[in-house]
1. May I ask you to sort 150, 161 by Cβ crowding, counting other Cβ atoms within 10 Å and putting the fewest first?
2. May I ask you to sort 199, 19 by Cβ crowding, counting other Cβ atoms within 10 Å and putting the fewest first?
3. Can you pull a Stokes-Einstein diffusion coefficient for the chain at 25 °C (0.890 mPa s), Rh from Kirkwood over Cα pairs, as a whole number of µm²/s?
4. Treat the stretch 119-199 as a sphere of radius equal to its Kirkwood radius over Cα pairs and apply Stokes-Einstein at 4 °C in a medium of 1.567 mPa s; give the translational diffusion coefficient in µm²/s, rounded to a whole number.
5. Among 148, 93, what is the fewest-to-most ranking by other Cβ atoms within 10 Å?
6. Rounded to the nearest 0.05, what FRET efficiency is calculated for residue 164 and residue 113 with R0 set to 35 Å and r the Cβ-Cβ distance?
7. Quickly estimate the mean residue ellipticity at 222 nm for the chain, helices only: each DSSP H run with n ≥ 4 gives -39500 (n - 2.57), and the total goes over all residues, rounded to 500.
């Protein structure tokens, strides 16, 4: 019989011996363990040492007390309120009103229905701004343009830009474009499309 098989055969016996030994050890420990008697907790005494300040050291005076602002108190409505506590009435002079601010500029029309896309007849390259060139600024500017029934760009605005310093040059170039007009059922109509301008220093 192998040692492993012999151990498995006597496993139950070893477990019982170990269990009884643990009980015996705990019983002896509880029998000889000293009894715990709780005591009264005492705070630690702190000693304050008084130090005499030499006369050549001046002790600054304590800071002045900050005057808190008065808190507004709601006063109940009464006829016995003095004139000093009454708010003067205000009047609206309807005849001398200030002029109304100007209305905001109308937003450009962006959506037009057409089935024939406008074609570029004359393209224009943007002029690279000197400040952007000296600063070595590159980027893509996408200009949205509205084309009228004759193929002329009537409005342009920036739809996407990677460098704001290039926007004006891109818009100016977009106005120089010429297109064949978009058509809806063979009738020239307005259209809004996008023109991308890529500014690179190698151009």
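Since every read-out is calculated from the coordinates, none of them should be taken as a lab result. Not measured: the values here are computed from a predicted model. Heads up, the Cβs are rebuilt from the backbone with ideal geometry, glycines too, and the neighbour counts pull from every protein chain shown.
1. On the way: 150 11, 161 16.
Lowest count first: 150, 161.
2. On the way: 199 21, 19 10.
Result, fewest neighbours first: 19, 199.
3. On the way: Rh = 30.1 Å.
Rounded, D is 81 µm²/s.
4. On the way: Rh = 13.1 Å.
My calculation gives 99 µm²/s for D.
5. Values: 148 16, 93 6.
Final ranking by Cβ density, sparse to dense: 93, 148.
6. Numbers: r = 33 Å, r/R0 = 0.93.
According to the calculation, E is roughly 0.60.
7. On the way: 4 runs with 43 residues, N = 203.
Result for the chain: -6500 deg cm²/dmol, rounded to the nearest 500.
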